[in-house]
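Heads up: the structure comes next, in structure tokens.
Here, each number is a calculation from the coordinates, and none is a lab measurement. Here the structure is a predicted model, which is why all the values come from computation and not from measurement. Quick reminder, even Gly has a Cβ in these numbers, built from the backbone with ideal geometry, and neighbours come from all protein chains shown.
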Amino acid sequence: MDEGLRERKKRETRQRIADVAMGLFLQRGFDNVTVAEVARAADVSVNTVFNYFRTKEDLFLDRGEESEDMLARVVRERRAGETAVEAVRRDYFEAIDAADWRYGMSEGLDLFTQRVRESAALQSRVHMLDVNREERLARTLAEEADADPDDLTPRLVAAQICATVRTLTRHFAMWQMAGEDAALIRADVREHAERAFDLLERGVGGYCWRTEPGSLSLPQAGGRSTPAPR
């Protein structure tokens, strides 16, 4: 369905407020900027800010909802014949090539990380974002694999995937904060990511394999299914 004029204006207003807020937060620090200052700079009322963002932390993490659902969405939309780990691996390397924000590989991650480290409120909110992302991924894995409610495997797999992604993102941020060239950082992260996903695939890579349309499948140890012989 095409976006209506009202929806477009609301989306643009939300984005303008978020952009203004982030500019102030990065320049002065999260705890040193009030919501009232953001509202004045964005030329809106404080009530308008809170109509779009529940909390001040949500202003800083304006893509929080998308970020929390990101890995679960990648698994839901994985290709036929692709496992959960293979889908995340593919998406991760596509993000490296595009310098996309979704795995924290865009310019400015160093300053973003610094601002989070300076604020206890942001650290708590980022922690909850990580918890929610892992929980969403675990639920999706359980649904996609038709796991028994007592089966801990989806949670174990989700924890390993999320830990890998967090570690790689942290490594990228540390190199940016050290002032390394962006191209060199991406090359370094790519090398580490290849090794990290290799380790994942050797351990949990066969879990939640999506069958080809119309094919039969037989379960294998570790949760993987393979095409049945014909």
task = Could you list which residues have their amide H under 5 Å from that of Thr211, counting only those 5 or more apart in sequence or on another chain, with H placed in the peptide plane?
result = Gly81
key: Residues of the stretch 106-139 with amide N under 19 Å of a point placed 7 Å along Cα→Cβ from Asp151   = 135-139
message = Between Val75, Val33, Val116, where does the largest GNM mean-square fluctuation fall for the chain, given springs only between Cα atoms within less than 10 Å?
response = Val33
inquiry  = Using the Karplus curve 6.51 cos²θ - 1.76 cosθ + 1.60 with θ = phi - 60°, what ³J(HN,Hα) values do you get for each residue of the stretch 125-139, in whole Hz, with x for Gly and Pro?
reply    = 5, 5, 4, 5, 4, 5, 4, 5, 4, 5, 5, 5, 5, 4, 4
ask   = By how many nm would the segment from Asp43 to Arg28 grow when fully extended, if each residue of separation counts as 0.36 nm and the alpha-carbon distance is taken off?
value = 3.5 nm
task = Starting with the highest mean, order 40-47, 124-131 by the number of other Cβ atoms within 10 Å, averaged over the residues of each peptide.
result = 124-131, 40-47
remark   = Which of Arg117, Arg102, Arg78 fluctuates most in a GNM of the chain (C-alpha springs under 10 Å)? That residue is Arg117
ask   = Anyone know which of Arg11, Arg139, Arg63 comes out most mobile in the 10 Å Cα GNM of the chain?
value = Arg11
ask   = Along the stretch 100-116, what does the Karplus equation 6.51 cos²θ - 1.76 cosθ + 1.60 (θ = phi - 60°) give for ³J(HN,Hα), rounded to whole Hz, x for Gly and Pro?
value = 7, 5, 5, 10, x, 10, 9, 4, x, 4, 4, 5, 4, 5, 4, 5, 5
inquiry  = Please list, by residue number, everything in the stretch 40-71 whose backbone N is under 13 Å from a paramagnetic label point 7 Å out along Cα→Cβ of Glu135.
reply    = 68-69
message = What distance in nm lies between label points placed 7 Å from Cα along the C-beta direction at Glu65 and Met174?
response = 3.5 nm
query = So what J values fall out for the stretch 66-76 if you push phi through Karplus, 6.51 cos²θ - 1.76 cosθ + 1.60 with θ = phi - 60°, rounded to Hz, Gly and Pro as x?
reply = 5, 5, 5, 8, 4, 5, 4, 5, 4, 5, 4
inquiry  = On the principal axes of its Cα set, how long, how wide and how thick is the stretch 1-103? Give whole Å, largest value first.
reply    = 52, 35, 22
